[in-house]
Amino acid sequence: MISHKYGRSTGKRVADGIIGVILNLIMLIFSLSCIFPLFWMGYSSLKIKREFNADIISLPTHPTLDNYRRILTNPDYHIGASILNSVRTTAISVFFIVLFGFVIGYFLARYKFKGHRALWIMLLMGMLIPVHSLLVPIYIVFKQTNLSNQWFTLIMPYVAFGLPIAVFLVQGFVKTVPTALEEAASIDGCSFTRSLFNVIMPICRPVMVTVAILQTFSCWNEFSFALVLIRDTTLQTVPLAMTQFTGQFSSDYPKIMAAMLITMAPIVILYFVFSKQIIKGMVAGAVKG
Amino acid sequence: MLSRKPKAITFLVYLTIPILLYVFVVFFPLLTSLFYSLFEWKGGPNKTFIGGANYTQLIHDSVFWSAFRNNLYLVFLCLIGQVGIAFIFVMIINTRYIKLKGMHRTFGFFPSTIAAVSIGFIWTMIYDSRRGLLNWFLEKVGRADLQQVWLNNSKLVMTLVSIPLIWQYIGYYMIIMLSATAAIDTEILESADLDGANAFQTAVHVVLPMIKSTIMVCIVLCVSGNMKAFDNIYVMTKGGPGNASMVMAMYGYKISFEQQNMGYGSAISVGIFVLGIAVIGAMQLLQRAISKEEVI
């Protein structure tokens, strides 16, 4: 009896162990597949084309930074310019999304005014509109008003598209802040503008950080509107410039990989340094939005 | 609501610029596309009014409708792939066996922060027939007979362009659902375990109902997100071979910018708008039906 019981529990323990190993293995394969491309591109970009074509998976036998040197020194590839364009467009867009989102979200949360409902519905509709139905008409409108193909062109659609989610997040947050603060500020003779920016804004910091994180990634990665609104190669953002590289050296994979790694670097570094906050912010944005 | 309200002028000062910008970028173009969709217009100075002819053409345009079907197919695959696999992973991670949970979170979420354009390039390199990882792998496992020029296979191509999207977002939905399951009381799970429920029963009968609203959020996000698929398809196939991987946005782009047919392109834009709203509307109804059930 006892031995029987003992035997069963060992059997169970073994089965348990096997399940554990299998489950861990599944998750490990998934996790590693998510960063594998980064590694693969990393060491492959150190090979020359011939070595890569001979064996696509082996580690480089004579690692060289040639690909990087050639990409960065050739002005035709304008890789530095594209990163600069992306940084500028993203930074300015995110600044205005956060600012406008904060102001509109605050007004919607705190006051009933003429057009309150209309504004609310307009923003809601903005979230539901399939964004690609705007691709052609925005191109037409921007072209006719001479707004396309300028350094500031992309900022306008990015701010407009980012606004609804920003407003909803801020509005939801401000509703949880007691009004006593502003009442006290106004009794103390604080002007509206001062109470808005010196009293409320600091409290809304967490939600504004969430909005900024969310929008940094979506602006940096946006492709389709950049594709139709930007003609000049000198004004291209990173995703657009990348489609150019691959056209230019379509058979030279190590070079493409080097170019991709350079352009991905800012966002990859940002992610791995602040991954906790970024994941938290993106989840908050997705669930509450 | 605050007791004291600032003057009307304050509202104007703060709200005018953002609202004007928003209307100019979102609503004004919608109206212009309605207007131009009534013209024969190749982008040049000449436009001819043709009434509803573009819409008649659109209704009979088999490419447009197959593109719409491709959109739906892609959404369907992504629902199963992204939300479905993510749910399974969440159940796995929540078992007591799993080590390195933090790593799975950080690495799993990573692809969703990368541009769809880059993801498209990475997978083009994986599918490449001569130097691709997939064919390399098939050769190593001795199944070289299965090797092919993957993205030229018009039967498989829609599935092949969906896989990068699925892979990219599993981690994203996994993390959203993990944050929901974290709120579940562990006592409930333990008592289910004591009552002899196996892992599958616990998942379906205990966890699933408790995170139903979060799963619904994931489904809505997944549908609206994947109706927008464009970037990775532009990079990987441009809608080809033929029109096998054409989605609506890609078709609108091709007609408007490669054929310079702005009039018909505008009509397609209106079509994308209507169908997109219809799909999202259907989702809302479904969501409401499910949440009503919950009340009863």
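Computed values, structure above
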{"quantity": "Every residue from the range B:114-136 that is more than 9 Å from chain A (Cβ to nearest Cβ), part of a helix (DSSP H, G or I) and over 23 Å from the mean Cα position of the chain (by Cα)", "calculated": "B:L134, B:N135"}
{"quantity": "Top-ranked residue of the range A:27-58 - restricted to ones that are exposed (fewer than 14 other Cβ atoms within 10 Å of the Cβ) and in a helix (DSSP H, G or I), ranked as modelled with the lowest pLDDT", "calculated": "A:A54"}
{"quantity": "Residue within the range B:88-102 that is in contact with a Phe, Trp or Tyr (Cβ under 6 Å, 6 or more places away or on another chain), modelled with pLDDT of 90 or more and under 30 Å from A:T216 (Cα atoms) present", "calculated": "no"}
{"quantity": "Some residue of the range A:69-79 being under 17 Å from A:P239 (Cβ atoms), away from chain B (no Cβ under 13 Å) and not hydrophobic (A, V, I, L, M, F, W, C)", "calculated": "yes"}
{"quantity": "Only listed residue being among the aromatic types (F, W, Y), closer than 27 Å to B:V204 by Cα, in a helix (DSSP H, G or I) and in contact (Cβ under 8 Å) with a residue 24 or more places away in the chain, chosen from B:F87, B:F64, B:F110", "calculated": "B:F87"}
{"quantity": "Single condition A:L124 does not satisfy, out of (1) within 25 Å of the chain's Cα centre (by Cα); (2) modelled with pLDDT under 90; (3) facing chain B (nearest Cβ under 7 Å)", "calculated": "(3)"}
{"quantity": "Output for the range A:134-180, where each listed residue is in contact (Cβ under 8 Å) with a residue 12 or more places away in the chain and of a type in the set (G, A, S)", "calculated": "A:S148, A:A160, A:G162, A:A166, A:G172"}
{"quantity": "Checklist (1) away from every other protein chain (no Cβ under 11 Å); (2) surrounded by fewer than 18 Cβ atoms within 10 Å (Cβ to Cβ) applied to A:V207, failing item", "calculated": "(2)"}
{"quantity": "Selected residue [without any contact (Cβ under 8 Å) to a residue 40 or more places away in the chain, in contact with an Asp or Glu (Cβ under 6 Å, 6 or more places away or on another chain) and closer than 30 Å to A:Y43 by Cα] from A:F223, A:F272", "calculated": "A:F223"}
{"quantity": "A:R88 vs. criteria exposed (fewer than 15 other Cβ atoms within 10 Å of the Cβ), in a helix (DSSP H, G or I) and charged (D, E, K, R)", "calculated": "no"}
{"quantity": "Scope the range B:215-260; condition part of a helix (DSSP H, G or I), hydroxyl-bearing (S, T, Y) and more than 15 Å from B:I280 (Cβ to Cβ); matching residues", "calculated": "B:Y234, B:Y251, B:Y253, B:S256"}
{"quantity": "Members of the range A:181-192 found to be among the acidic types (D, E), assigned to a helix (DSSP H, G or I) and free of Cβ contacts under 8 Å to residues at least 24 places away in the same chain, listed by number", "calculated": "A:E183"}
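Matching residues to (1) touching a residue at least 24 places away in the same chain (Cβ under 8 Å); (2) of a type in the set (F, W, Y):
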site	(1), (2)
B:P18	no, no
B:V25	no, no
B:G51	no, no
B:F68	yes, yes
B:T95	yes, no
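The values are calculated or read from the model by the stated rules, or taken from the named source; none is laboratory data. The model shown is predicted, which means the values in this text are computed figures rather than measured ones. With ideal geometry, Cβ positions are generated from the backbone for all residues, glycine too; neighbour counts draw on all protein chains shown.
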